[in-house]
Every structure is written in C-alpha cells, then in structure tokens.
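The values are calculated or read from the model by the stated rules, or taken from the named source; none is laboratory data. All values reported here derive from a predicted model rather than from experimental measurement. Positions of Cβ are generated from backbone atoms using ideal geometry, with glycine treated the same way; all protein chains shown enter the neighbour counts. SASA here: full protein model, heavy atoms, side chains in, ligands and nucleic acids out. Shrake-Rupley method; radii C 1.70, N 1.55, O 1.52, S 1.80 Å.
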Amino acid sequence: MTADSSAMGRALDLAAEAAAADEIPVGAVVLDRAGRIVGEGRNDREKTHDPTGHAEVLALRRAAASTGSWNLEGHTLVVTLEPCLMCAGAILQARVGRVVFGAWDDKAGAAGSMYDVLRDRRLPYRAEVVGGVQADASAELLRAFFTARR
C-alpha cells in the first residue's frame, strides 16, 4: 500500500465519522515530509454552525498548531473529495506543496473539475495535484449519505 493510499484510508475513516454525525462525509489529513500525520479533520459545519468547517480547513489548522507554523511547505494534504474554492485558497495560503484527493467534485471542485486554482500559473504559489486516489470508496460514502437524505 502506498503512503497516499494509507493516508487516504485514514481520511476515509474520518469521512465515515462525519457521516455518522450527520455531516457531509469528507475527511482530510496533513502529512509532514516524513509522511507522518500532523493534522486531521472532518466536516463539522452542522455541529459548529461554522461555514469554514470543512475537513481541509480543520486539518490545516491542526497541522499548523502541531508544527508551530502556518507555513506547511513540503507537506501533503490528503482529502476524500476534491477541494472547493475556499479550501483551495486555504491550501495555497498554507503553502501546502501537494494535494491528494479521492472523488472528483464536478459541481464545486477547484483542483481540476470546475476550476484549477491549485495549479493556476497566475498565482504566486501552486500545488501538485493527484486526483482519484480511492475515488470509488470516497464517492460511495457521499452517494450513500445523500441517498439516505433524499
């Protein structure tokens, strides 16, 4: 199992926890240069009533607290769903060098689907993007969550 796949496994566990808490099932982890998890998060907007309560933002906050720096250059963010515009902006502000995600988000994705913010050459900082890692498992969590609510 690759490091990306292993980290995605943890992100999927976090996404399942989010679903069990009636949150949209998205989970994220931040890996340091050695591949150790230094921050993790899962969606918690419903619980906290915080519009920024996305898994990526929470994982970035925790990674910054854990490392003692907002600058996460050389780190990797692994998330179950393609980041949205807000999360892509936070990723770039944190200087995360690499983003790995599971399912593509054709409605709001900002890493290649709707927009490609993370690799936009007009911006002063860009991230490497790897999409589709365990995409089926990520998409199934989302599909089951929304099917149960319709």
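Figures for the structure shown
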quantity: Residue that is in a strand (DSSP E or B), closer than 21 Å to A21 by Cβ and modelled with pLDDT of 95 or more, where the choices are E56, E40, E140, E46; calculated: E40
quantity: Residue match in segment 6-17 (condition: among the hydrophobic types (A, V, I, L, M, F, W, C) and free of Cβ contacts under 8 Å to residues at least 40 places away in the same chain); calculated: no
quantity: Of residues in segment 66-80 being open to solvent by 30 Å² or more (accessible area, probe 1.4 Å) and in contact (Cβ under 8 Å) with a residue 12 or more places away in the chain, the one farthest from T52 (Cα to Cα); calculated: G74
quantity: Pair list, Cβ < 9 Å and 6+ apart or interchain, from segment 53-65 residues that are in contact (Cβ under 8 Å) with a residue 40 or more places away in the chain and within 10 Å of G27 (Cα to Cα) to residues that are open to solvent by 10 Å² or more (accessible area, probe 1.4 Å) and charged (D, E, K, R); calculated: A55/E40; A55/R42; A55/D44
quantity: Scope segment 18-30; condition in contact (Cβ under 8 Å) with a residue 40 or more places away in the chain, open to solvent by 10 Å² or more (accessible area, probe 1.4 Å) and not β-branched (V, I, T); matching residues; calculated: A19
quantity: Options A7, A28, A34, A16: the member that is in contact with a helix residue (DSSP H, G or I) (Cβ under 8 Å, 6 or more places away or on another chain), of a type outside the set (K, R) and either assigned to a loop (DSSP other than H, G, I, E, B) or farther than 17 Å from C84 by Cα (or both); calculated: A16
quantity: Criterion violated by R122 - all others in (1) more than 20 Å from D4 (Cα to Cα); (2) in contact (Cβ under 8 Å) with a residue 24 or more places away in the chain; (3) open to solvent by 70 Å² or more (accessible area, probe 1.4 Å) satisfied; calculated: (2)
quantity: Restricting segment 31-61 to residues that are among the charged types (D, E, K, R) and closer than 16 Å to Q93 by Cβ, the residue that is most open to solvent (accessible area, probe 1.4 Å); calculated: R61
